[in-house]
Ligand code: ADP
Ligand code: ADP
C-alpha cells in the first residue's frame, strides 16, 4: 500500500514532443486508478515515469512522502504488468514468477512460499512446470500478474494488460483483477483505452487527452455508472 503524489508532472521528449503536461493527482492508499484516453494521449508515458523507465522532465513524484524522481527503477518498490506479458519463454511458470525474487537475493524458502501462494490465488498451481508457450493467453496473463504479486510491492502499474486477450477472456480477467485488488488492496494505476475496463474496475477514473487531465472522478461521477 502506498500514497502517491504527482505534482505538476510534465514530459517532453526530444524535438519538442510534449507527451504529458502539468499532471496533478493524489492517490490514496489502496486505490485503483484507471488512466483512460485515446492512443497517444500520454497514458504510457505517465506510467513509465512512475516506474522510472522514463525521466520526469518537470514536477514531483512522491511515494509515502519520499521524492522518487531520481530513485532508480529497481529501488522503487513498484511492480509493473505489461500488455505483451514479457514472460521469459525458456523459463517455467515457476521460474518466471521467481525470477525477480532471485535477482533480489530472496531465500529459497521465501521464494517458494510467495510463488506457491501467488499460484494458488491465480489458479496456476497445476501449471508451474510448464513453459509459457504451453499456456493459453489468459494463463499467460495470470503468470504476468503473478510476477507482480510475488514482489509484494507497494504499487502496481498495469499497462493495457488485457488488450491482447479476446473479448471473453478480457471479461473474465477484468473480474479477476478486481477480485485480486479487493483481496490484496495494493494501490494500482491501470492504463487502458477501454472505457468498460475503467467503469468496472476503477475506484477513480482519470481521463486524459493530448497529455492533459480532462476529468477525474468515480465511475459514477464520470460515466454515471452504475446507473
Ligand atoms: P501504445 O500502445 O501505448 O500507444 P505505442 O505502440 O504508441 O504505445 O508505442 C510503442 C513504443 O514506441 C513505446 O515504447 C513508445 O515509447 C515508443 N514510441 C511511441 N511513439 C513514439 C515516437 N513518436 N517516437 C519514438 N518512439 C515512440
Ligand atoms: P498512450 O499511452 O496514451 O498511447 P504515449 O504515452 O505512448 O500515449 O504517447 C504520448 C505521446 O508521446 C505521443 O504523441 C507519442 O508519439 C509520444 N511518444 C511516446 N514515446 C515517445 C518517445 N520515446 N519519443 C518521442 N515521442 C514519444
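Entry remark, the stretch 203-220: residues being over 19 Å from residue 178 (Cβ atoms) and without any contact (Cβ under 8 Å) to a residue 12 or more places away in the chain number 1 in total.
Return a yes/no flag: does the stretch 51-65 have any residue that is in contact with a strand residue (DSSP E or B) (Cβ under 7 Å, 6 or more places away or on another chain), within 16 Å of ligand 1 (Cβ to nearest atom), in contact (Cβ under 8 Å) with a residue 60 or more places away in the chain and within 19 Å of residue 180 (Cβ to Cβ). No, the stretch 51-65 contains no residue that is in contact with a strand residue (DSSP E or B) (Cβ under 7 Å, 6 or more places away or on another chain), within 16 Å of ligand 1 (Cβ to nearest atom), in contact (Cβ under 8 Å) with a residue 60 or more places away in the chain and within 19 Å of residue 180 (Cβ to Cβ). Annotation note: of 100, 79, the sole residue that is more than 16 Å from ligand 2 (Cβ to nearest atom) and within 13 Å of the chain's Cα centre (by Cα) is 79. Scanning the stretch 22-47 for residues that are assigned to a strand (DSSP E or B) and under 17 Å from the mean Cα position of the chain (by Cα) gives 25, 26, 27, 32, 33, 34, 35, 36.
Looking across the stretch 29-59 at every residue that is within 18 Å of residue 207 (Cα to Cα) and surrounded by fewer than 16 Cβ atoms within 10 Å (Cβ to Cβ), the one that is farthest from ligand 2 (Cβ to nearest atom) is identified as 38. Filtered by the rule that a residue be surrounded by 20 or more Cβ atoms within 10 Å (Cβ to Cβ) and more than 14 Å from ligand 1 (Cβ to nearest atom), the stretch 190-206 gives 197, 198, 201, 202, 205, 206. Counting the residues of the stretch 26-40 that are farther than 27 Å from residue 183 by Cβ and either in contact with a helix residue (DSSP H, G or I) (Cβ under 8 Å, 6 or more places away or on another chain) or more than 9 Å from ligand 1 (Cβ to nearest atom) (or both) gives 2. Condition test on residue 50, is it assigned to a loop (DSSP other than H, G, I, E, B) and either in contact with a helix residue (DSSP H, G or I) (Cβ under 6 Å, 6 or more places away or on another chain) or closer than 30 Å to residue 221 by Cα (or both)? For residue 50, the condition - assigned to a loop (DSSP other than H, G, I, E, B) and either in contact with a helix residue (DSSP H, G or I) (Cβ under 6 Å, 6 or more places away or on another chain) or closer than 30 Å to residue 221 by Cα (or both) - is not met.
Rule-based calculations on the coordinates, nothing more; no lab input. If you're wondering where the values come from, they're calculated on a predicted model, not measured in any experiment. Every residue, glycine as well, gets a Cβ built from its backbone with ideal geometry; the counts of neighbours run over all protein chains shown.
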